[in-house]
Amino acid sequence: MRRPENREGDSVMSEEPVLLEVDARGVATVTLNRPQRGNAYNGALLAALTDGLEQLGRDTALRALVIRGAGKHFQAGADIDWLSEAVGATPEQAFAASMATTEAMARLNEFPRPTFAVVQGACFGGGCGVVCCVDVALATPAALFGLSEVRVGVAPTPISTHMVHAMGLRQARRYAITGERFDAAEALRIGLVHEVHAPEAIDARLEEILAETMLSAPGAIAVTKRSLLEANGLALSPREMAQLATESWMQRASPEGREGLAAFREKRRPGWA
């Protein structure tokens, strides 16, 4: 499968929510492919991403994983229509929806190969979660970030631990609580991304880092990643994942969550604003 272009203005002619290609070096490119919705995730995208990560994790020839977003944006968070459907679901269904997000992020965070993200355009909510869960994150200067869940009355619990790991508790507290948007320069300052490069230079820089990574032993990388996470208490247990998913769906189903999602759909301010 050809890796689809994701530069500004390009589109991807495929209905698959996630595209996958592995090149001759063993570098996999996973492209989030809902450009008409800013690559916002829904159940289908999360399932495809989780299944793809599981499949790739078993590939002993794989050397690295790169995540991209199709079209103008990297990933704009959760699809508001999907969230609204989850509000009216049974508790079991609502929990399953939140667990799908929690599991996808945990699987990416604990993926045994080196992981990279190339960020352009909008990177909100779960998009920031993806960036927090990779080993190396590159962004273009025009990329825009935001942990905006609280603006619509929901909570970013499925990605909360990863935010703290990536940018520290101090910065996670600020941006997850205020819901402010911030630019690539600020994302670099707080440690959310590692480097910022012009669109015409970012792919070349990615290739330089991939070439450096290929000099490292795959087994040693896997042990190093596992050790860094487990020895520092950064790998989520099933109990912790269930707690995060429960907090997520209960806040989404609360009066605030219902009001916030309704206000977003109706393009008005929520009652608390």
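Could you tell me which residue of the range 29-43 is surrounded by the fewest Cβ atoms within 10 Å (Cβ to Cβ), considering only residues that are in contact with an Asp or Glu (Cβ under 7 Å, 6 or more places away or on another chain) and without any contact (Cβ under 8 Å) to a residue 40 or more places away in the chain? Break it down into steps so the answer makes sense when it comes.
Residues of the range 29-43 that are in contact with an Asp or Glu (Cβ under 7 Å, 6 or more places away or on another chain), as a first pass: 29, 33, 37, 40-42.
Adding the requirement that they be without any contact (Cβ under 8 Å) to a residue 40 or more places away in the chain leaves 29, 33.
Values: Thr29: 21, Asn33: 25.
Filtering the range 29-43 for residues that are in contact with an Asp or Glu (Cβ under 7 Å, 6 or more places away or on another chain) and without any contact (Cβ under 8 Å) to a residue 40 or more places away in the chain, the one surrounded by the fewest Cβ atoms within 10 Å (Cβ to Cβ) comes out as Thr29.
Report yes if some residue within the range 155-167 is aliphatic (A, V, I, L, M), surrounded by fewer than 22 Cβ atoms within 10 Å (Cβ to Cβ) and more than 17 Å from the chain's Cα centre (by Cα); otherwise report no. No: zero hits. For the range 41-59, the count of residues that are aliphatic (A, V, I, L, M) and in contact with a Gly (Cβ under 8 Å, 6 or more places away or on another chain) is zero. Set side by side, the residues Arg252, Arg205, Arg239, Arg268 differ, and just one is closer than 22 Å to Ala155 by Cα, surrounded by 12 or more Cβ atoms within 10 Å (Cβ to Cβ) and of a type outside the set (A, V, I, L, M, F, W, C), which is Arg252. Screening the range 55-137 for strands (runs of 3 or more DSSP E) wholly inside it with 1 or more residues that are touching a His at 6+ places or on another chain (Cβ under 9 Å) and among the small types (Gly, Ala, Ser) returns the ranges 122-124.
No lab work stands behind these numbers, since they all come straight from the coordinates. Keep in mind that what you see is a predicted model, and the values were worked out from it rather than measured. Cβ coordinates were reconstructed from backbone atoms using ideal geometry, including for glycine residues, and neighbour counts include every protein chain displayed.
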